[in-house]
Amino acid sequence: MSEGPSRWHTTGSLARALAVGGFGVAVALTVGRPAVVVLVGPLVVLASLALLGKPTREPRVLPGLAHVQLYEGQGTRSWLEMSGTEDTEHVTRVLAQEPFVALHPVGGAVLSRTDDVGPIEISPRRWGERRVGTEKVAMTSPWAGYRWGPVQLPGREMFVLPAVTRMRSGGEAPQPIGLIGAHRSRREGGGTEFSSIRAFHSGDRLRRINWRVSLRQGTLHVESTRAEEDTAVLLIVDAMADYGVSEGIDAAQSSLDVTVRAAANIADQYLGGGDRVSLRVLSPGGEYAGYGTGTRHLRRILGLLARIRPGIPRDVSIEQVDFRATAGTVVVVISPMLSPELAIATVRLVRRGLPVIVVDPLPPGSTPTVHPDPAAQVAQLAWRMRLLDRSHLLSQLAAAGCPVVPWNGPRTLEEVLRRLARRSQLPRIGV
Amino acid sequence: MRLSAARSVWVVRAVGLLGLLVGLLAGIPEGYTPSLAVVAVVLLGGVLGAFRPDHLGVSMTLAVVLVWWAIKLHTQVPAGTLAAAAGLVTAHVAGTLLSYGPRFMPIPAEVVRLWAVRGLLVWLAAPVVWFVARVYADHATPTSYWLAGLTAALMGAVVAAVVVPTRGGD
């Protein structure tokens with residue numbers, strides 16, 4: 001960081017002491033005013049001491065960052081690795097103020113002795129791609145006679161993952177079709193939940209025999225249980241626009257903030273329960289993750305969510321998107337439903353017999369960002385019309401059998417899924 | 001985001017401004033009262049120094065104080081010059097502290113203490129000069145003394161100019 005010409009130069013303090021001291025001495029000697037020497041004597045001494053502290057070597061500094069991937073709201077530390085600082089006394093560090101990145105001390109500026117440079121704490125407040133750790137460093141020689149820098153040190157790109165509330169209850173899957181899992185299946189199998197008492201068949205386990213019923217009936221009867229299976233969950237994330245104001249975690253949320261955090265929480269819950277989760281983002285980037293399980297898959301999904309940039313999908317219309325939802329898949333559409341195309345695609349999924357839930361991430365009172373101009377009133381009127389269209393779309397979705405729920409935290413889906421499960425267990429009449 | 005100045009910065013600004021005013025007004029008890037115009041100029045320079053400590057105007061304001069003292073005094077060396085010297089050192093040290101970083105950076109108490117001690121130590125040069133000047137106040141000073149002093153000062157200036165590198169030089 002310190003190759004090339006010297007970055008040491010005189011400070012304003014030394015220049016002032018030299019100029020005023022020299023001027024005072026000159027005045028005193030030319031017009032014979034000893035009192036002026038009394039006035040500037042301390043400044044002359046100060047300037048002399050500062051000149052004596054002239055550094056002879058160039059310091060080297062390298063920035064360090066403890067973590068390069070964090071969840072929003074978490075914190076890390078930025079420090080400096082320095083060498084060749086024998087001639088220096090103080091270090092000034094000023095970190096660049098990036099949007100949605102909190103710094104401690106406030107402002108990210110620290111003045112400290114060279115032998116005791118403390119770290120600066122950094123905390124990203126919103127998911128997404130953030131550049132952190134860009135800073136300017138300056139050093140001063142003893143008596144503040146010379147300053148090195150300020151030198152700009154580059155920061156690092158950080159993918160801030162959406163915050164996840166660890167809660168192991170994703171709600172009951174209505175039609176689980178899979179292998180071993182935690183959801184109660186409609187078919188009988190080796191689970192724990194009681195289903196019925198029936199006559200003994202060959203292959204039944206002896207410990208399942210209900211002796212009381214068998215003695216009463218005269219033939220062997222066994223207790224049957226429901227199978228427990230995993231399920232597939234498809235998350236459809238509408239990132240075509242962002243409505244409302246985003247102020248970071250624990251503050252005002254925009255619609256995209258709610259969308260991303262809701263998707264992250266739902267993925268975490270189902271993956272934590274051993275289910276398969278897929279992600280499809282409707283955005284220009286078209287982020288997609290196939291069905292997968294486990295912690296690694298969760299990290300992948302969170303990473304994709306952190307990369308989202310809102311906008312209309314390129315090269316493909318929503319009607320043409322293949323959502324890859326097989327029978328029994330729980331489909332969660334997180335969307336403010338301001339796009340009729342997505343509403344139509346959702347109804348199509350409902351008509352395929354899939355359990356579909358729409359999570360509404362639009363914060364109350366949110367408005368789109370419009371430039372303040374004379375047309376602002378027109379924009380407000382247009383927005384109100386969009387909201388009327390939206391409420392009409394939502395009621396149509398509900399009528400089609402697709403529940404619409406606002407996002408209220410990780411337990412949002414529980415009650416809805418329970419109702420859907422109950423509905424799926426009711427006898428159906430084929431037409 | 002525009003950050004406001006730290007509280008310690010406001011304190012140092014106020015102390016610097018006060019120091020500059022003390023540098024000018026320290027002679028009032030002994031009858032050396034500056035005109036309102038001079039006070040206003042110094043006040044403006046002090047305000048400038050509080051917000052732009054490295055501005056050339058700050059050095060010029062200090063020079064105005066020196067010139068005013070040079071005009072008011074002839075061979076007298078009143079005790080008020082000691083207080084004035086303390087005021088000027090305080091203003092200079094405050095400017096040094098303010099120029100360490102941006103205005104929103106708090107100035108640590110440790111650094112303030114270090115510079116307070118340094119300021120006090122360098123101020124001790126003032127009583128020494130004051131004492132020497134008082135001792136020789138009644139003696140006629142040969143012209144050769146003043147010429148020798150001027151030559152020494154010029155040589156000091158030349159040495160300083162050689163030692164001090166220009167910006168971006170070396």
> How many residues, within segment B:1-25, are open to solvent by less than 50 Å² (accessible area, probe 1.4 Å) and not in a helix (DSSP H, G or I)?
Replying inline: 3
> Applying the selection to segment A:327-358, what residues are more than 14 Å from A:Arg280 (Cβ to Cβ) and β-branched (Val, Ile, Thr)?
Replying inline: A:Ile344, A:Val347, A:Val350, A:Ile357, A:Val358
>> Checking B:Val64 against (1) in contact with a Ser or Thr (Cβ under 7 Å, 6 or more places away or on another chain); (2) in a helix (DSSP H, G or I): exactly one of these is not met. Which one?
In response: (1)
>> Which count do you get for residues in segment A:382-406 that are under 17 Å from A:Ile334 (Cα atoms), touching a residue at least 12 places away in the same chain (Cβ under 8 Å) and either outside any loop (DSSP other than H, G, I, E, B) or open to solvent by 50 Å² or more (accessible area, probe 1.4 Å) (or both)?
In response: 8
> Does A:Pro42 count as crowded, with 22+ Cβ neighbours inside 10 Å, modelled with pLDDT under 90 and within 7 Å of chain B (Cβ to nearest Cβ)?
Replying inline: no
> So how many residues does segment B:69-81 have that are assigned to a helix (DSSP H, G or I), among the hydrophobic types (A, V, I, L, M, F, W, C) and facing chain A (nearest Cβ under 7 Å)?
Replying inline: 2
>> Just to verify a result, which residue in segment B:26-69, among those that are buried (at least 20 other Cβ atoms within 10 Å of the Cβ) and of a type in the set (A, V, I, L, M), is nearest to A:Pro34 (Cα to Cα)?
In response: B:Leu66
> Within segment A:47-65, can you find the residues that are more than 30 Å from A:Ile122 (Cβ to Cβ) and among the β-branched types (Val, Ile, Thr)?
Replying inline: A:Thr56
>> Looking only at residues that are facing chain B (nearest Cβ under 7 Å) and in contact (Cβ under 8 Å) with a residue 12 or more places away in the chain in segment A:45-67, which one is surrounded by the fewest Cβ atoms within 10 Å (Cβ to Cβ)?
In response: A:Lys54
>> Anything in segment B:99-134 that is within 7 Å of chain A (Cβ to nearest Cβ), more than 23 Å from A:Leu39 (Cα to Cα), of a type in the set (A, V, I, L, M, F, W, C) and open to solvent by 20 Å² or more (accessible area, probe 1.4 Å)? List them, or say none.
In response: B:Phe104
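Per-residue answers, yes or no, for (1) under 25 Å from A:Thr11 (Cβ atoms); (2) of a type in the set (Asp, Glu); (3) facing chain A (nearest Cβ under 9 Å):
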| site | (1), (2), (3) |
| --- | --- |
| B:Glu30 | no, yes, no |
| B:Leu48 | yes, no, no |
| B:Leu56 | yes, no, yes |
| B:Ala83 | no, no, no |
| B:Leu88 | yes, no, yes |
| B:His92 | yes, no, yes |
> Mind checking which residues of segment B:1-57 are under 17 Å from B:Met105 (Cα atoms), free of Cβ contacts under 8 Å to residues at least 24 places away in the same chain and not β-branched (Val, Ile, Thr)?
Replying inline: B:Met1, B:Arg2, B:Trp10, B:Arg52
> Is it the case that some residue within segment A:86-96 is under 33 Å from the mean Cα position of the chain (by Cα), over 13 Å from A:Met139 (Cα atoms), of a type in the set (Ser, Thr, Tyr) and open to solvent by less than 50 Å² (accessible area, probe 1.4 Å)?
Replying inline: no
>> Quick check on my filter: what residues within segment A:97-122 are touching a His at 6+ places or on another chain (Cβ under 9 Å), within 14 Å of chain B (Cβ to nearest Cβ), in contact (Cβ under 8 Å) with a residue 24 or more places away in the chain and open to solvent by less than 30 Å² (accessible area, probe 1.4 Å)?
In response: A:Thr114, A:Ile120
> Pick from A:Ser123, A:Ser112: which is under 30 Å from A:Val260 (Cα atoms), in a strand (DSSP E or B) and not aromatic (Phe, Trp, Tyr)?
Replying inline: A:Ser123
> Would you call A:Glu72 more than 7 Å from chain B (Cβ to nearest Cβ), in contact with a Lys or Arg (Cβ under 6 Å, 6 or more places away or on another chain) and buried (at least 19 other Cβ atoms within 10 Å of the Cβ)?
Replying inline: yes
>> Can you find a residue that is away from chain B (no Cβ under 13 Å) and under 26 Å from the mean Cα position of the chain (by Cα) anywhere in segment A:135-152?
In response: no
> Assuming A:Arg7 fulfils every condition listed in (1) facing chain B (nearest Cβ under 7 Å); (2) open to solvent by 20 Å² or more (accessible area, probe 1.4 Å); (3) touching a residue at least 24 places away in the same chain (Cβ under 8 Å) apart from one, which condition is it?
Replying inline: (1)
>> Condition first: in contact (Cβ under 8 Å) with a residue 60 or more places away in the chain and farther than 21 Å from A:Arg166 by Cα. Now tell me which residues in segment A:272-322 satisfy that.
In response: A:Leu282, A:Arg307, A:Ile308, A:Arg309, A:Pro310, A:Gly311, A:Ile312, A:Pro313
>> Consider segment A:313-337. How many of its residues are more than 14 Å from A:Val237 (Cβ to Cβ) and not polar (S, T, N, Q)?
In response: 10
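The values are calculated or read from the model by the stated rules, or taken from the named source; none is laboratory data. This one's a predicted model, so the numbers in the text were calculated from it and none came from an experiment. Quick reminder, even Gly has a Cβ in these numbers, built from the backbone with ideal geometry, and neighbours come from all protein chains shown. Surface accessibility is based on the protein's heavy atoms, side chains included, excluding ligands, DNA and RNA. Shrake-Rupley method; radii C 1.70, N 1.55, O 1.52, S 1.80 Å.
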